[in-house]
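The structure appears right after this line, and notes come after that.
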Amino acid sequence: MVSDRIHTVTPSYTINISMKVSEMKQQGKNLIDLSIGEPDFNIPEISKKEAIKALNHNKTKYDKVQGLLELRKAIVKKLKNENNLSYKVENIVVSNGAKQAISNTLMALLNPGDEVLVPKPYWVSYPEMIKLVGSIPVFVDTSRTGYKITSELLKSYVTPRTKILFLTNPSNPSGLVYSYEQLMEIGSFCVENNIYILSDEIYERICFNEIFTSMASISNAIKDKTITINGFSKSFAMTGLRIGYSISNTEIAKAISTVQGHFTSHPSTISQWAAAASLNECSNAPDIMKKEYKKRRDTAVSILNTIPQLKYLYPEGAFYIFMDISAYKKNMKYQGSFSSAFCNNLLNKALIAAVPGIAFGMDDFIRISYACSEKVLSEGLNRMSAYIRSLIE
Ligand SMILES: Cc1ncc(COP(=O)(O)O)c(C=O)c1O
């Protein structure tokens, strides 16, 4: 009955985990959820007030497909001040979360059979979104290059059908951040090879050491090839309000707007007013959250360092830790996916929810999130430590 397209798509691992977690919580189990990809902060008070004001003033009618002019102006200002990027409102399309900004972009740029480079580990939805538009995800193995891509590595994956490279910076799930030099090398390679760059920068404000560089800010040639994806879910904890946006050259922005115009029109005007207030009046809110994430990151790392044989990628940004659990393979009986079996055991035996690395294309890993209080985080990791010790003893 359903389309052939749907048969190519894998249901979301993270949504499956959330369902199991809520089932176990309902059964009264004392579960610690480290699987969450959502900030545990509330949206800024000023943004809330602006949303309420918008409702009270009946700002509830259809508006521009590309998004409220006031919000796009605020984004233009943000790009100038924070990213040294000069754009006009015509370059921006505001969508229902970064997710829709990405799917709009794919729909606007890709033809069936086009290839898209997806570095591993990848964010769960990328491959499925690419397949849904009839294109082909080509996975780039980064395990020999420190879990980051380089131009040298990309060379062996490029074919005449390569159209887009996905880049997530800072990365979910690895927590790694690309430096200016690394981005310049990758960006120049893409320009030389006529490849568009979809630069997902949704975690840009959660970057601990490296100064964040927006790919498009490196040169005009790179800027012309880059579609930057950003949003309010992570930096302003506005997940449920569903506001994201794409920034691209005028021709691509027009195409993205055409796609969005037919599928959904603009996102909720109430959410857009709240987002404009976040940018205009609370631009320091992300820094307050970042300080908290950094403390948690340090707490987490200090516990992880005491777990025997555990390796992990040192988190430089976002709020995740990607751990290499391959050392414990020999201590566990499992069939099929190792990381899924490991996470199932963690859930059932230690009452901790984590996401299996297979969801991100890497079955020797698991991902935990530190978007939770330090107390919960410490208890969860201590339980994990006890579980791992019981496994190897
Ligand atoms: C890398 C990345 N891109 C995009 C998104 C989607 O964000 P939004 O809530 O704005 O749709 C997420 C959400 O987890 C993400 O981790």
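The values are calculated or read from the model by the stated rules, or taken from the named source; none is laboratory data. Everything numeric here is computed off the predicted structure, so don't read it as measured data. Cβ sites come from the backbone with ideal geometry, for glycine too, and all protein chains shown count toward neighbours. Note: accessible area is taken over every heavy atom of the protein model, side chains too, but ligands, DNA and RNA are not part of it. Shrake-Rupley method; radii C 1.70, N 1.55, O 1.52, S 1.80 Å.
Think of the chain as a dipole: +1 on every Lys or Arg Cβ, -1 on every Asp or Glu Cβ, centred on the Cα centre; then among ASN42, PHE263, ALA108, ASN42 lies furthest on the positive end.
A P(r) calculated from all alpha carbon pairs of segment 265-313, with 5 Å bins opening at zero, reads 5, 15, 15, 12, 12, 10, 10, 9, 8, 4, 1 percent. Multiplying each eigenvalue of the alpha-carbon gyration tensor of segment 58-281 by 5 and taking the square root yields semi-axes of 27, 19, 16 Å, largest first, rounded to whole angstroms.
Listed cross-link partners LYS25/LYS290; LYS25/LYS295; LYS131/LYS155; LYS329/LYS375; LYS234/LYS291 are compared with a 18 Å cut-off, the Cα-Cα value being larger for LYS25/LYS290; LYS25/LYS295; LYS131/LYS155; LYS329/LYS375. Protein-only accessible surface at a 1.4 angstrom probe places the residues TYR196, TYR320 in the order TYR196, TYR320, largest first. By a 1.4 Å probe calculation restricted to protein chains, MET384 has an accessible surface near 0 Å², given to the nearest 10. The listed residues TYR157, TYR370, once ranked by accessible area (1.4 Å probe) with the largest placed first, stand as TYR157, TYR370. Among the trypsin sites (Lys or Arg not before Pro) found in segment 312-379, those both in a DSSP coil and sparsely packed, with 16 or fewer other Cβ atoms within 10 Å of their Cβ, are LYS333. Over the chain, with a Gaussian network built from C-alpha contacts below 10 Å, which listed residue (LEU153, LEU183, LEU34) shows the highest mean-square fluctuation? Fluctuation is largest for LEU153. The accessible area of VAL116, taken with all protein chains in place and a 1.4 Å probe, comes to roughly 0 Å².
In sequence order, segment 332-349 has phi-based couplings of 10, 8, 7, 10, x, 6, 5, 5, 5, 5, 4, 5, 4, 5, 4, 5, 7, 9 Hz under the Karplus curve 6.51 cos²θ - 1.76 cosθ + 1.60, θ = phi - 60°, and Gly or Pro positions carry x. For a modelled paramagnetic label at TYR62, 7 Å from Cα along Cα-to-Cβ, the residues of segment 239-260 in reach, with backbone nitrogen under 18 Å, are 257-260.
Think of the chain as having a plus end and a minus end, set by charges on the Cβ of Lys, Arg, Asp and Glu; of GLY240, VAL140, GLY317, GLY240 sits farthest toward the positive end of this dipole. Per-residue Karplus couplings for segment 87-94, computed as 6.51 cos²θ - 1.76 cosθ + 1.60 with θ equal to phi - 60°, are listed in order as 9, 10, 4, 5, 8, 10, 10, 8 Hz, Gly and Pro entered as x.
Placing a label point 7 Å from the Cα of GLU374 along the Cα-to-Cβ line, the residues of segment 289-318 whose backbone N sits under 11 Å from it are 292-300.
Straightening the chain between THR250 and ARG5 buys 85.2 nm, computed as 0.36 nm per residue apart minus the Cα-Cα spacing.
Mind pulling the angle between the C-alpha long axis of helix 250-263 and the longest principal axis of the chain? Nearest 10 degrees, somewhere in 0 to 90. Computed tilt is about 70 degrees. Which net charge results for the neighbourhood of ASN83, defined as the other residues with beta-carbon distances under 13 angstrom from its beta-carbon, given Lys and Arg at +1 and Asp and Glu at -1? The answer is +2. Placing +1 on the Cβ of every Lys and Arg and -1 on the Cβ of every Asp and Glu, with no other charges, gives segment 58-281 a dipole of roughly 560 debye about its Cα centre.
Top mean-square fluctuation among LYS48, LYS64, LYS29, Gaussian network model of the chain, C-alpha springs under 10 Å? In this elastic network of the chain, the residue with the biggest mean-square fluctuation among LYS48, LYS64, LYS29 is LYS29. Residues ARG5, ARG242, sorted by accessible area with the largest first, give ARG5, ARG242 [1.4 Å probe; ligands and nucleic acids excluded]. Of all DSSP-defined beta bridges confined to the chain, some 50% are antiparallel rather than parallel.
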